[in-house]
Amino acid sequence: RKEVEQDPGPFNVPEGATVAFNCTYSNSASQSFFWYRQDCRKEPKLLMSVYSSGNEDGRFTAQLNRASQYISLLIRDSKLSDSATYLCVVNRAGAGSYQLTFGKGTKLSVIP
Amino acid sequence: SAVISQKPSRDICQRGTSLTIQCQVDSQVTMMFWYRQQPGQSLTLIATANQGSEATYESGFVIDKFPISRPNLTFSTLTVSNMSPEDSSIYLCSVELLQAGGNEQFFGPGTRLTVL
């Protein structure tokens, strides 16, 4: 089983749609979880951290299910500017610092 | 946040040669990392660049192939040695900073390497 697994997509959705991405991770001892966004030919940038209680940032909602080792990202009211690859990221279990394991990413295209 | 620059931004190299990539940060940081992103693949951590001591390499990466320097808290280099076409990839440095919401990693713009 891969350490971090995501549906690669692509997800092609119309503007205004709601879209959800899922991610599973293999190491039950992982403690930190993130969603990063990577635009074409650009570096990854942190979109949001994922907390156990779930968290929301504007149109974006992240959920964590430790029992199922599952992370999700929900984007509401999609904008054209949301088109990017979304990377699910988990820290290395037991790492003293942030040694991160990245999923391959899910590509989103928002269509006018 | 941090402003991170990398040099070169891209290069095309011949098999068997070596390339040194530079990473410069606009502030002093404790933790710096080097990643690789091969075409269609996820980012993979190569090593943690430690200031004043040898880098800590991840499984599958060795110092002879990817020597790293970290002479101070704002600068690091990664060398890709004796290159082969399989080394064609984007190489990114990153730094960890303490932000309001916790530690966060910021990435440099990457160096796109093509080995012929």
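General observations
- Whichever residue in region B:1-57 is open to solvent by 70 Å² or more (accessible area, probe 1.4 Å) and aliphatic (A, V, I, L, M) and, among such residues, is nearest to A:GLN99 (Cα to Cα): B:VAL3
- Of everything listed in (1) at pLDDT 95 or above; (2) more than 25 Å from A:GLU3 (Cα to Cα), the single unmet condition for B:GLN51 is (1).
- Any chance A:ALA17 is free of Cβ contacts under 8 Å to residues at least 12 places away in the same chain, among the hydrophobic types (A, V, I, L, M, F, W, C) and away from every other protein chain (no Cβ under 14 Å): no
- Cβ separations smaller than 7 Å between residues 6+ apart or across chains give the following pairs from region B:31-47 residues that are more than 8 Å from every other protein chain (Cβ to nearest Cβ) and closer than 17 Å to A:LYS45 by Cα to residues that are assigned to a strand (DSSP E or B) and of a type in the set (Phe, Trp, Tyr): B:TRP34/B:TYR91; B:ARG36/B:TYR91.
- For beta carbons closer than 7 Å, sequence separation of 6+ or different chains, a first residue in region B:82-98 that is under 15 Å from B:ASP11 (Cα atoms) and away from chain A (no Cβ under 14 Å) and a second that is polar (S, T, N, Q) and assigned to a strand (DSSP E or B), the qualifying pairs are B:SER88/B:THR114.
- Qualifying residue in region B:67-79 (condition: at pLDDT below 95, under 24 Å from B:ALA2 (Cβ atoms) and open to solvent by less than 10 Å² (accessible area, probe 1.4 Å)): no
- Residue selected from region B:99-114 under the condition more than 7 Å from chain A (Cβ to nearest Cβ) and in contact with a Ser or Thr (Cβ under 9 Å, 6 or more places away or on another chain), by the criterion surrounded by the most Cβ atoms within 10 Å (Cβ to Cβ): B:THR111
- In region A:1-14, the residue that is modelled with the lowest pLDDT out of those that are in a loop (DSSP other than H, G, I, E, B) and facing chain B (nearest Cβ under 10 Å) is A:LYS2.
- Within region B:82-92, the presence of a residue that is open to solvent by 10 Å² or more (accessible area, probe 1.4 Å), more than 12 Å from the chain's Cα centre (by Cα) and under 16 Å from A:GLN99 (Cβ atoms) is excluded.
- Scan of region A:1-28 for residues that are more than 11 Å from the chain's Cα centre (by Cα) and closer than 21 Å to A:ASP77 by Cβ, ordered by number: A:GLY9, A:PRO10, A:PHE11, A:ASN12, A:VAL13, A:PRO14, A:GLU15, A:GLY16, A:ALA17, A:THR18, A:VAL19
The values are calculated or read from the model by the stated rules, or taken from the named source; none is laboratory data. Keep in mind that what you see is a predicted model, and the values were worked out from it rather than measured. Glycine gets a Cβ as well: all are built from the backbone with ideal geometry, and neighbour counts include every protein chain shown. Just the protein is used for accessible areas: all its heavy atoms, side chains included, with ligands, DNA and RNA removed. Shrake-Rupley method; radii C 1.70, N 1.55, O 1.52, S 1.80 Å.
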